[in-house]
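The values are calculated or read from the model by the stated rules, or taken from the named source; none is laboratory data. What you see is a predicted model; the values in this text were computed from it and never measured. Cβ coordinates were reconstructed from backbone atoms using ideal geometry, including for glycine residues, and neighbour counts include every protein chain displayed.
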Amino acid sequence: MVVVMKKGAAEGDIQHVIDFIHQFGLKTHLSKGRERTIIGVIGEKSKLEKDQISVLRGVSKVYNILQPFKLVSREFQSENSVIQVNDVAIGGGTPVIFAGPCSVENERQILDTAWMVKEFGAKILRGGAFKPRTSPYSFQGLGLEGLKLLKKAREETGLSIVTEVMDPADVELISEYADILQVGSRSMQNFNLLKAVGRTRKPVLLKRGMSATLTELLMSAEYIMSEGNPNIILCERGIRTFVEYSRNTLDLNIVPAVQKISHLPIIVDPSHGTGRSDLVAPLSLAAIAVGADGLMVEVHPKPELALSDANQSLNAEQFGELMRKVIQLIGWRKMHAESHVTV
Ligand code: PEP
Ligand code: MN
């Protein structure tokens, strides 16, 4: 249920509505927009009738959100959420590029990659320290040592860091090192992990499960937001289909589909989405063209030596070439958006 307050409603009236709802054992989520304040009611809706709230002072209207996800829906918040990560805004109209190796391997590798991706225009450095690998015999990541190397890369280059958290018990530790907590595809429905990252206020990069529907993705985001953390960035990273020529099928349909029904930003990972370095550039451009709020691209100084995801990693030259096109396309997209408004 959503309570829309009247324009300019008094603080005291807003607080009274919140206190009233809490009496019924329900939680609230406050959203202060430019125009109005909206209060989301979280919990079993049978506990409270709409009419009990609509009579309170300062209330404009009360309505039920029909979709199963509430706080993340556009019905709840019509304006786009813009997630601020240090000096970078994600979802604010300019696509943001996340780039870096699949895994942090050693100091030289991560520092060289960080400087290189920064030079070409990336704003966020990615790198796995705790790696979810299909085989227990594959490289599992450097763990804490990897986090320390990421911190060093941030200190030297000023790039913000995104790295994966797999275990709720690691959330606190990884939060000390990362600017964005990544919840990987395999963890999208690890509800204890979602609640744990939801209890922080760190931005969360929530990757779509490889067979998750749009509703399931948004329900996972709802878990995070219902714990109090509104800083969520969604990520399309390809789904499992019958095709055999690529690792996954990048579902670009989901970008405008999400943007229609949710206010959260969505970025695209064409590296895991294709699994092939030769497909990364065309799909990156397609993602920007379709309206993605950013890209996450795997880059390695020597892809042939990468300890994970060698086949899908771009080298410096390939990444530089891609970035030149991406920057042009971003310029075109902005021009188009502006001309659209004036038509
Ligand atoms: C990753 O981005 O490091 C990763 C493991 O991707 P995914 O969770 O999408 O497989
Ligand atoms: Mn990878």
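Picking from residues in the range 150-182 that are within 15 Å of ILE224 (Cα to Cα) and in contact (Cβ under 8 Å) with a residue 40 or more places away in the chain, the one that is nearest to ligand 1 (Cβ to nearest atom) is GLN182. Against the criterion of being touching a strand residue (DSSP E or B) at 6+ places or on another chain (Cβ under 8 Å) and not basic (Lys, Arg), SER46 does not qualify.
Candidates are the residues of the range 278-289 that are within 17 Å of the chain's Cα centre (by Cα) and aliphatic (A, V, I, L, M); the one that is surrounded by the fewest Cβ atoms within 10 Å (Cβ to Cβ) is ILE288.
Total residues in the range 236-250 satisfying the condition of being touching a helix residue (DSSP H, G or I) at 6+ places or on another chain (Cβ under 8 Å) and more than 12 Å from ligand 2 (Cβ to nearest atom): the figure is 4. Set side by side, the residues LEU194, LEU181, LEU217, LEU205 differ, and just one is within 24 Å of VAL82 (Cα to Cα) and touching a Cys at 6+ places or on another chain (Cβ under 8 Å), which is LEU205. You will find that of SER175, SER211, the residue that is surrounded by fewer than 24 Cβ atoms within 10 Å (Cβ to Cβ), under 18 Å from the mean Cα position of the chain (by Cα) and in a loop (DSSP other than H, G, I, E, B) is SER211 and no other. In the range 123-130, the condition of being more than 22 Å from the chain's Cα centre (by Cα), more than 16 Å from ligand 2 (Cβ to nearest atom) and not aromatic (Phe, Trp, Tyr) is met by no residue. Screening SER308, SER284, SER271 for residues that are in the same structural domain as VAL243 (by TED's automatic domain parsing), in contact with a strand residue (DSSP E or B) (Cβ under 9 Å, 6 or more places away or on another chain), under 23 Å from ASN248 (Cα atoms) and not in a helix (DSSP H, G or I) leaves exactly one candidate, SER308. Being within 16 Å of ligand 2 (Cβ to nearest atom) and either within 16 Å of the chain's Cα centre (by Cα) or not aromatic (Phe, Trp, Tyr) (or both) is a condition met by no residue of the range 252-266. Here ARG324 meets the list (1) more than 16 Å from ligand 2 (Cβ to nearest atom); (2) under 20 Å from VAL255 (Cα atoms); (3) not aliphatic (A, V, I, L, M) almost entirely, failing just condition (2). Contact map, the range 1-22: first residue exposed (fewer than 12 other Cβ atoms within 10 Å of the Cβ), second residue of a type outside the set (Val, Ile, Thr) and not in a loop (DSSP other than H, G, I, E, B), Cβ cut-off under 9 Å, separation 6 or more or different chains; pairs are LYS7/SER60. Take the conditions (1) in contact with a helix residue (DSSP H, G or I) (Cβ under 6 Å, 6 or more places away or on another chain); (2) within 15 Å of ligand 1 (Cβ to nearest atom); (3) without any contact (Cβ under 8 Å) to a residue 40 or more places away in the chain; VAL104 misses just one of them, which is (3).
When you check LYS260 against the structure, is it away from ligand 1 (no atom under 16 Å from the Cβ) and more than 29 Å from THR200 (Cβ to Cβ), yes or no? Considered against the rule, which asks whether it is away from ligand 1 (no atom under 16 Å from the Cβ) and more than 29 Å from THR200 (Cβ to Cβ), LYS260 comes out as no. Applying the condition of being within 15 Å of TRP115 (Cα to Cα) and more than 12 Å from ligand 1 (Cβ to nearest atom) to the range 296-310 and asking which residue is surrounded by the most Cβ atoms within 10 Å (Cβ to Cβ) yields VAL299. Does PRO101 fit the bill of being under 14 Å from the mean Cα position of the chain (by Cα), buried (at least 17 other Cβ atoms within 10 Å of the Cβ), modelled with pLDDT of 95 or more and closer than 22 Å to ARG237 by Cα? In short, no.
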